[in-house]
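The values are calculated or read from the model by the stated rules, or taken from the named source; none is laboratory data. Predicted model only: the values in this text are computed from it and were never measured. Methodologically, a virtual Cβ is constructed for each residue, glycine included, from the backbone with ideal geometry; neighbour enumeration extends over all protein chains shown.
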């Protein structure tokens, strides 16, 4: 017959009372798990290599531990030294407590500890003075942690918060600081040192007290050998190695980029590629060495197919003036970089083709009078030539036909935020052609990547977890092919070999831009696989006289493409064909009233002689009806079909053009004599 074991009622009541009290205390005095999860945000590259981490509020580097990314031998040996019964106790190791109490009683002072890993974790999160009362509170907290968390979670929290001296906490930050690597693969000596340092974090810091750290490491090695976890030979070999005395700086690659995408208390995997990022930074560093410290470079490199940002530089570096400003997210004038989209929309609308002829001559659009950058005019040019050589007047003429609002809305629909600089008038819309707006570099990368992706625009991807967004059609596929062929044949920067002469350089379509006053130098280009946008300038917006996009930014763009992996599909160049019938010439909108083509407003005209015997100047204007010219109120008599003005004296003159409808256009010019060229007044 089986004997039934019974227990006294007082024991049952005591156990139940203890559980009720424990649950009640958990509700009234819950464990500070939120504080325990306060860790450094870390941004990783696409393959989990560390780009940048950020300290928590108190300046401590505390990186979340991941047991799957820690050498399992370290875990085994840590538990063997610090808490042999970790996997079995409930937060308090009762046999260890009795052993410590007995040794204290016999020796008259504490000679061994009884703190478990869980109790040490409590002490890290809620530091207190080392008293009997503190031990009791730590024991209670340890029981709470064991109630709320699994053993693996407790161990990860312990390896996140354990101090390694100074402002270093946790195994991941410690291995970076002292060994310059992750904790996935450690040597026997490194494991022993990482176990020894937390026992006396400040006294055993290897960067400050290498000899003390070495003695602590060697003691741990001996204990591991005694426990059978190291052989005699392994112990001797580990002891023979020196202790590293230099603390490595924690990784801060792409600091500005990481700051923009970091998430609180999390490690996030970005789309960036650490190797490519270093290549981009090396190219930029070579350029920056030759530039003043107040000049910066910003770069965004996008993989076309995935829209993933693989490399990114927000500035020239934190050591440069205003280097903390992320210029890829600041609004700057884009110069001429929007011209491909003006011509692209005109092609989609059936207004022009690459072979259409257009007049490059002084023109006026209301009160807006654009000029070419060099103030030269080339007469009849093809659309392809106007884009390749970035002529201003043809671009504004075509935009006048497309509509400034149409361009702006198309770009915004594709993902580019456009801020007008001159109000909301139609003339302000036309100024978009020449950089009269504010855009962000990253948005410019979006629309240029659309040219590389058959005219379809998507947002940039910064995190590997981000899904691909639904594409938005910016331009038709046929138009994109035509625009790409034009830009592939743009003149290369000085010192650069054209792609068709190089066997290993990608076929590159690109465009430069320079904002008013030389404040921003741009270069944006794309190949089959990559799109890159480069900005060079002063973050404070100060001008840099003569530094155009072609001079300052295009060489950087070409050097960056040369540094990219070689996996391009090389394209052959196509000759620009004549325009289809009906698109032979683009004349723009019919203007109300005449437009004076020559001389332009503010021109200085040089005369070799004066009076009726002088050679004179031929006045010209565009108008839908016949035009008559007046100079200072006196009519200019036509000679044949030309209006030739022969000024009597040097000085300032007002020229008016009047059409048959009585509509008037006027300009003011000055006339100089040859003898006045050396006069200091001129």
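Between 262, 284, 236, 254, the distinction of being within 22 Å of residue 170 (Cα to Cα) and either assigned by TED's automatic domain parsing to the domain that holds residue 163 or buried (at least 19 other Cβ atoms within 10 Å of the Cβ) (or both) belongs to 262 only.
Could you look through the stretch 205-234, keep only residues that are part of a helix (DSSP H, G or I) and touching a residue at least 40 places away in the same chain (Cβ under 8 Å), and pick out the one that is nearest to the chain's Cα centre (by Cα)?
220
Taking into account only those residues within the stretch 161-173 that are assigned to a helix (DSSP H, G or I) and touching a helix residue (DSSP H, G or I) at 6+ places or on another chain (Cβ under 6 Å), which is modelled with the highest pLDDT?
The qualifying residue modelled with the highest pLDDT is 171.
Checked against the criterion of being at pLDDT below 85 and surrounded by fewer than 18 Cβ atoms within 10 Å (Cβ to Cβ), the stretch 68-81 contains not a single residue that satisfies it.
Looking across the stretch 412-441, the residues that are surrounded by fewer than 17 Cβ atoms within 10 Å (Cβ to Cβ), part of a helix (DSSP H, G or I) and modelled with pLDDT of 90 or more come down to 412, 413. Scanning the stretch 259-306 for residues being touching a strand residue (DSSP E or B) at 6+ places or on another chain (Cβ under 7 Å) and more than 23 Å from residue 332 (Cα to Cα) gives a total of 14. Among the conditions (1) at pLDDT 95 or above; (2) under 27 Å from residue 548 (Cβ atoms), the only one that residue 490 does not satisfy is (1). All of (1) closer than 30 Å to residue 667 by Cα; (2) free of Cβ contacts under 8 Å to residues at least 60 places away in the same chain; (3) out of contact with any helix residue (DSSP H, G or I) (no Cβ under 9 Å at 6 or more places or on another chain) hold for residue 319 with one exception: (1). Only residues that are in a loop (DSSP other than H, G, I, E, B) and in contact with a helix residue (DSSP H, G or I) (Cβ under 8 Å, 6 or more places away or on another chain) were counted across the stretch 525-562, and they come to 9. Taking the conditions exactly as written (under 24 Å from residue 492 (Cα atoms), crowded, with 18+ Cβ neighbours inside 10 Å and modelled with pLDDT of 90 or more), does residue 444 satisfy them or not? Answer is yes for this residue. Listed by first and then second residue, the pairs with beta-carbon distance under 6 Å, at least 6 apart or on different chains, first residue in the stretch 237-260 and part of a strand (DSSP E or B), second surrounded by 18 or more Cβ atoms within 10 Å (Cβ to Cβ), are 252/52.
Of the residues making up the stretch 621-642, those that are within 57 Å of the chain's Cα centre (by Cα) and within 14 Å of residue 598 (Cβ to Cβ) number 6.
For the stretch 605-632, a residue qualifies if it is closer than 25 Å to residue 366 by Cβ and in contact (Cβ under 8 Å) with a residue 40 or more places away in the chain, and the qualifying residues are 621, 622.
Total residues in the stretch 371-385 satisfying the condition of being touching a residue at least 12 places away in the same chain (Cβ under 8 Å) and more than 17 Å from residue 431 (Cα to Cα): the figure is 8. The condition (being at pLDDT 75 or above, touching a strand residue (DSSP E or B) at 6+ places or on another chain (Cβ under 9 Å) and not in a loop (DSSP other than H, G, I, E, B)) is satisfied by just one residue among 121, 51: 51. Only one entry of 26, 38 meets the criterion of being at pLDDT below 90 and buried (at least 16 other Cβ atoms within 10 Å of the Cβ), and that entry is 38.
Among the criteria (1) more than 26 Å from residue 666 (Cα to Cα); (2) in contact with a strand residue (DSSP E or B) (Cβ under 8 Å, 6 or more places away or on another chain), the one residue 364 does not fulfil is (1).
Taken together, 184, 202, 152 contain a single residue that is in contact (Cβ under 8 Å) with a residue 60 or more places away in the chain, surrounded by fewer than 18 Cβ atoms within 10 Å (Cβ to Cβ) and not in a helix (DSSP H, G or I), which is 184.
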